[in-house]
Amino acid sequence: MTGRQRLVAGLWPPRFSRAQLIVALLLFVLGLGLAIQVQSTSDNSALRGARQEDLVRILDELDDRTKRLEDEKRRLEDQRTELETSSDQAEEARRQTQEKERQLGILAGTVAAQGPGITLTIGDGAGAVESDMLLDAIQELRAAGAEAIQVNGVRVVADSYFSDGGGSIEVDGKKISAPYRFKVIGKPQDLEPALNIPGGVVQTLEKEQATASVTRSEKIVVDALRPVERPDYARSSSQ
């Protein structure tokens, strides 16, 4: 065996004592801790080692970014407020449109209605009641604030007409017979006195040997309807 071979055989495999291993492990841990500390110090000292001009620039950039974020927040809040306001306005406009449609429907007789009012019942045992007497009653009721009227199941509207024909009375071409029952929605305190004024509807009927009675009620239902008619020529100007 040569001298070199004997040297290698003496060094390998290496022989470590227990104390040497403990010292090596402690040195490794110490080195690792120092490396981590150096890295942390290097990271945290990035700003510490910066020049004053650099620090001012960084602060300015942070201020600008904060301002932009605050402006964006205000803009989004304004948009939300606008949307909420627009939504409320649209909802209110929709509600008003629906209410207006309902009111027009009541006036046109295409929608049922209910409310306080009176019932006027006219008896005609002698057959002396004529269409103009019933029309006079309608006119008096309208003048007193009647909002919806039906007579014997026929809805009376602005263009309704009364006529005599063949020994009977017709309303809008539909025959009705005594007793004539008027269901009227309006303020009872105004409607009843309008019929009972001196020389008015009730006295005129009584002179003709007819009878007339008026009953107030907190709930009158006018449910006779007229069909919705489409005009032949008129169209909405918004179309």
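Laboratory data are not the source of any read-out in this text; all were calculated from the coordinates shown. Remember, predicted model here, so these are calculated numbers, not experimental data. When we count neighbours, we look across all protein chains shown, and the Cβ atoms used for this are built from the backbone with ideal geometry, even at glycine.
Things worth noting here:
- Loop-located chymotrypsin sites (Phe, Trp or Tyr not before Pro) in segment 130-239 (DSSP state not H, G, I, E or B) with no more than 16 neighbouring Cβ atoms inside 10 Å: Y161, Y233.
- Summing Lys and Arg as +1 and Asp and Glu as -1 over all other residues whose Cβ lies under 13 Å from the Cβ of V111 gives a net charge of 0.
- Each of K175 and R95 was given a label point 7 Å from its Cα along the Cα-to-Cβ line. The distance between the two points is 5.0 nm.
- Taking Cβ atoms as reference points and 15 Å as the exclusive limit, the residues near G153 contribute a net charge of +3, counting Lys and Arg as +1 and Asp and Glu as -1.
- Linear extension gain, Q203 paired with E229, 0.36 nm per residue minus alpha-carbon span: 5.6 nm
- Size descriptors for segment 113-222, from the alpha-carbon set: Rg then Dmax equal 12.8, 37 Å.
- Cα Rg over Rh - segment 182-235, Kirkwood: 1.18
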